[in-house]
1. Net charge around residue 49, counting only other residues with Cβ within less than 11 Å of its Cβ (Lys, Arg = +1; Asp, Glu = -1)?
2. For residue 77 and residue 99, what is the calculated FRET efficiency with R₀ set at 30 Å and r taken between the beta-carbons, to the nearest 0.05?
3. Among 142-151, 27-36, how do they line up by average Cβ neighbours within 10 Å per residue, starting with the highest?
4. Taking only C-alpha pairs under 8 Å that are 6+ residues apart, what is the relative contact order of the range 73-153 in percent?
5. Which FRET efficiency, nearest 0.05, do residue 174 and residue 137 yield, Cβ-Cβ r, R0 22 Å?
6. Got the relative contact order for the range 1-141 handy, in percent, Cα pairs under 8 Å and 6 or more residues apart?
7. Give me 66, 21, 45 ranked fewest to most by other Cβ atoms within 10 Å of their Cβ, as a rough exposure proxy.
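Nothing in this text is a laboratory measurement; each read-out follows from the coordinates by a stated rule. Keep in mind the model is a prediction, meaning the values are calculated, not measured. As a convention, Cβ positions derive from the backbone with ideal geometry for all residues, glycine included, and neighbour counts pool all protein chains shown.
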Amino acid sequence: MRQVAAVTPRLAPAARRGLAHLARIAGDFPTALAVAQQVGWEGRHHRILGDLWWVQGDMDQAAAAHRTAREEAEQHAVAGERATCQAQLALVACFTAPQTGDNELALAERFLVSLNLRATTITTRIAALARDAGTTDVEQRAELLRADITTAGLAATAAPALELVLAFHHAVQANEDLLEAAIRQPTPHAIAPVTGADSRSPTDAGWSSTSSTPTTTSSASPGSSPCKTARHPSRVRYG
């Protein structure tokens, strides 16, 4: 991928985006941020930034980045990118404001009509689980979705988000035992850094070096669990 980025101008933006994606999954967040600042629209810079803020747990900045990414995709008339960015925006919104998330999710599903985007469709299903956190059928739906993720070959990217949603669901239900078990569960499908990763955040706020899901919230202390720090607010919003 590095060779493609270096010597193939037509494919270089996509290759650099792929490198940023791998760096984020590996925990090399400074590298991912550096790529996002260099690739421009062709490398989907705003989507990379949205994914980085999502991992940071800063939902406001993540939502703003994904919204800007969607608007940029609309300006360039790229339907698939528009749907992908909208799905990511829906996922962020479903964690923080269920009603807003429901509206964003409906728009993402509308954008997906006539498109064959398997990963983006799975993102919308994960978002729907986050929206419905605390309801009775979330765990059953999550089991079905976990099987579909594995079948689709998307475990490395989608499974961590699904496990986070399940932890969030347990937090909303105030099920301390299941929440603690979910938090302590090893991150599935972690991979080694693609460069000399140092696991810092873009703002040195503290990152998990192996997780592609949030490890902080905007009001949490560095390295704390989003489900632990958001337990009481989540009950107010969802309970």
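1. Charge balance in the 11 Å sphere: +1.
2. Efficiency at R0 = 30 Å is approximately 0.50.
3. Ranking the peptides 142-151, 27-36 by packing returns 27-36, 142-151.
4. The normalised contact order for the range 73-153 reaches 29 percent.
5. Rounded to the nearest 0.05, the efficiency is 0.75.
6. Across the range 1-141, relative contact order equals 14 percent.
7. Least crowded to most crowded, the residues run 21, 45, 66.
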